[in-house]
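First up is the structure itself, then whatever we jot down about it.
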Amino acid sequence: MADSKADTSHKKIFNKAYDFTKADEIKAQGLYPYFKPLQATDGTTVQIEGREVIMAGSNNYLGLTNDPRVIKAAQDVISTYGTGCTGSRYLNGTLDLHLELEEKLATFMNKESCVLFSTGYQTNEGSIQTIAGRNDIIFSDRDNHACIVVGTQVSNAKTVRYRHNDMEHLRTMLEKSDPNAGKIIVSDGVFSMSGTLAKVPELVQLAKEFDAAIYLDDAHAVGVIGDGGRGTASVFGLSDEVDLISGTFSKSFASLGGFIVGDRSVIEYIRHHSPAHIFSASMPPANVATVLKSLEILQEETWRLERLEEISNYMRKELRNLGFNVWSSQTPIIPVVIGEMYNCFRFWKDLFEAGVYVNAVVPPAVPRGQALVRTSYMATHTDEHLDKILSAFKKVGIMHGIIDKNGRSLID
Ligand code: PMP
C-alpha cells in the first residue's frame with residue numbers, strides 16, 4: 001500500500017520513494033536478507049547478529065582479506081603516504097605505488113599497458129563510455145554486469161544487446177550492422193550470478209569476421225581461473241586475441257579498485273579521456289599496497305588457485321548429488337535455485353539459522369520463479385567448512401521441499 005505521505009507531498013519527485021514499501025514489508029515478516037552488518041570476520045567465518053556463521057557468499061576467492069601479510073602491507077604504507085590521495089590520478093593523486101601496480105598488472109596479464117580506476121564498477125563504466133563513441137556500435141551480452149550496461153547508456157555509441165551467450169544471435173546482429181562502424185563486443189568473462197564462462201573462442205571468431213574488438217570484464221576471473229589466474233581468455237589460450245581485459249580488486253585481490261589492460265595507445269586514450277578516471281579520486285595507498293601483496297601471493301602460492309578449483313568442483317558435484325539445481329556453473333560461483341522470491345528468503349533465513357551465510361538473488365537479477373541463493377567459495381575454506389555447508393543445505397533443502405533424502409529435486 002502506498003505511504004500516505006505520497007498524497008500530501010508537494011514534491012512529486014519523491015512519490016516513488018514514498019511508494020516504495022517492499023523492503024519494509026519483507027522486514028516485517030522477518031525475512032529481509034540484505035544489508036546485514038558483519039561485526040567481525042576472519043575471512044571464512046563471520047560474526048553477524050552476535051553469532052558466528054560460515055561465509056559461503058563472499059568474492060574473497062583467494063582468502064586474502066585477512067592474511068597477516070596483506071594486512072601488514074596495507075598498514076606499512078599508511079605511515080609513508082597517509083590514508084588517502086585526495087585527488088584524481090590526473091592531478092595530485094598519482095603515487096609511485098599506482099605506477100608500480102599498473103606495470104606489474106600489465107606484465108602479469110601479458111598486455112602492453114594498464115590503467116587503474118578506483119572501483120571495478122568505474123573501470124567498466126568509464127572505459128566503455130570512453131572507447132565507444134558516436135559512430136560506433138557496442139554488442140553487449142544481455143546478462144552483462146550493471147556497470148557495463150550503464151557504460152553503454154552513457155556512451156554516445158549505439159548499443160545492441162544480444163541474448164545471453166547466444167553466438168547465433170550475436171552473429172545475426174553483427175551481420176545486420178553498418179560495416180563501416182567501429183565495433184566492440186563486450187562480455188563478462190565469468191557471469192557473476194551463474195558462474196558460467198563467456199564463449200571466448202566463438203567471440204574471437206566473430207570478432208575477426210566482422211572486424212570488431214573484444215572487451216572482457218574479468219571481475220570474477222582474474223585471480224580466480226585460467227593460466228596462473230590470468231582470467232577467462234587464458235582458460236582458452238586466447239588472451240592475445242582479446243583486446244581489452246578489465247578486472248577488479250574487490251574480489252581475489254582483497255581490496256577495492258579496478259584495472260583495464262590492453263594496447264598502449266588504447267589504454268593511454270582511456271587514461272586521458274575517461275571521466276570516471278579523471279574526475280574521481282585515486283585508489284588510497286593501503287588499497288594499492290593490498291593489491292600489490294595479493295598479486296605477489298597469487299603468483300607464489302599456486303596452491304590457492306588449485307585448491308579453489310578443487311573446492312569448486314567438489315561443491316558443484318555434491319550440491320548436484322543432493323538434488324539441487326546449480327545451473328551451468330563452471331567456477332567458484334555456484335548458484336542454488338530455490339524458486340519463488342519469498343521461498344528464497346525463507347530458505348536464506350533457515351540456512352543462516354543453520355550457520356551458513358549465502359546471498360539471496362531475486363528478480364530482476366534472475367528470471368521470475370528462479371530466485372536463488374548464490375554460493376561462492378574461497379581457497380581457505382577447510383574440508384570441515386564445506387561439509388558443514390553441505391549438511392546445512394541438505395537439512396534446509398529437505399525442510400523446504402526442494403530436495404528429498406535420496407538426492408532428487410522436488411522442484412522444476
Ligand atoms: N563486473 C562484475 C562482473 C561484477 O560482478 C562486479 C561486482 N560485483 C563489478 C564489475 C564491479 O566491481 P566492484 O564491486 O569492484 O566495483
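A few notes on this one:
- Among (1) within 28 Å of S155 (Cβ to Cβ); (2) within 16 Å of the ligand (Cβ to nearest atom) - the single one Q330 does not satisfy: (1)
- One residue from G126, G133, G120 being within 24 Å of D227 (Cα to Cα) and of a type in the set (G, A, S): G120
- Of all residues assigned to segment 137-152, none qualifies as being in a loop (DSSP other than H, G, I, E, B) and away from the ligand (no atom under 16 Å from the Cβ).
- Whichever residue in segment 255-264 is within 16 Å of the ligand (Cβ to nearest atom) and buried (at least 24 other Cβ atoms within 10 Å of the Cβ) and, among such residues, is nearest to E296 (Cα to Cα): S255
- First in segment 16-33 and over 8 Å from F345 (Cβ atoms), second anywhere and part of a helix (DSSP H, G or I) and basic (K, R), Cβ under 7 Å, 6 or more apart: Y18/K5
- Within the set E112, E49, E103, the sole residue that is modelled with pLDDT under 95 and not polar (S, T, N, Q) turns out to be E49.
- Test: residue in segment 118-132 that is among the hydrophobic types (A, V, I, L, M, F, W, C), in a helix (DSSP H, G or I) and either modelled with pLDDT of 95 or more or within 16 Å of the ligand (Cβ to nearest atom) (or both): yes
- Looking across segment 73-103 at every residue that is charged (D, E, K, R) and without any contact (Cβ under 8 Å) to a residue 60 or more places away in the chain, the one that is surrounded by the fewest Cβ atoms within 10 Å (Cβ to Cβ) is identified as D96.
- Residue match in segment 79-87 (condition: assigned by TED's automatic domain parsing to the domain that holds S239, within 19 Å of G231 (Cα to Cα) and away from the ligand (no atom under 16 Å from the Cβ)): no
- Summed over segment 74-129, residues that are of a type in the set (D, E, K, R), under 17 Å from P275 (Cα atoms) and within 21 Å of the chain's Cα centre (by Cα) total 1.
- Any hit, segment 268-277, residues being part of a strand (DSSP E or B), within 16 Å of the ligand (Cβ to nearest atom), under 30 Å from A73 (Cα atoms) and under 20 Å from the mean Cα position of the chain (by Cα): no
- Where strands (runs of 3 or more DSSP E) fall wholly inside segment 295-412, the ranges with 2 or more residues that are in contact with a Pro (Cβ under 8 Å, 6 or more places away or on another chain) and assigned by TED's automatic domain parsing to the domain that holds V46 are 359-361, 371-376.
Residue by residue, here is whether (1) crowded, with 21+ Cβ neighbours inside 10 Å; (2) within 16 Å of the ligand (Cβ to nearest atom) holds:
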site	(1), (2)
G189	yes, yes
M193	no, yes
E202	no, no
Q205	no, no
A213	no, no
D217	yes, yes
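- Scan of segment 232-254 for residues that are near the ligand (Cβ under 9 Å from one of its atoms) and hydroxyl-bearing (S, T, Y), ordered by number: S246, T248, S250
- Test: residue in segment 158-181 that is closer than 15 Å to I260 by Cα and either within 16 Å of the ligand (Cβ to nearest atom) or not polar (S, T, N, Q) (or both): no
- The residues in segment 373-385 that are among the aliphatic types (A, V, I, L, M) and either within 13 Å of F324 (Cβ to Cβ) or more than 22 Å from the chain's Cα centre (by Cα) (or both) can be counted, and the count is 1.
- Scanning segment 317-335 for residues that are closer than 18 Å to I411 by Cα and out of contact with any helix residue (DSSP H, G or I) (no Cβ under 6 Å at 6 or more places or on another chain) yields L319, R320, N321, G323, F324, N325, W327, S328, P335.
- Filtering segment 155-162 for residues that are touching a Lys or Arg at 6+ places or on another chain (Cβ under 8 Å), surrounded by 16 or more Cβ atoms within 10 Å (Cβ to Cβ), among the aliphatic types (A, V, I, L, M) and closer than 21 Å to I267 by Cβ leaves a non-empty set.
- Residue in segment 219-231 that is nearest to the ligand (Cβ to nearest atom), counting only those that are touching a helix residue (DSSP H, G or I) at 6+ places or on another chain (Cβ under 6 Å) and outside any loop (DSSP other than H, G, I, E, B): G229
- Any hit, segment 61-69, residues being exposed (fewer than 14 other Cβ atoms within 10 Å of the Cβ), in contact (Cβ under 8 Å) with a residue 60 or more places away in the chain and within 30 Å of E268 (Cβ to Cβ): no
The values are calculated or read from the model by the stated rules, or taken from the named source; none is laboratory data. Please read all numbers here as calculations on a predicted model, not as lab measurements. For neighbour counting, all protein chains shown are included, and Cβ atoms are generated from backbone atoms with ideal geometry for every residue, glycine included.
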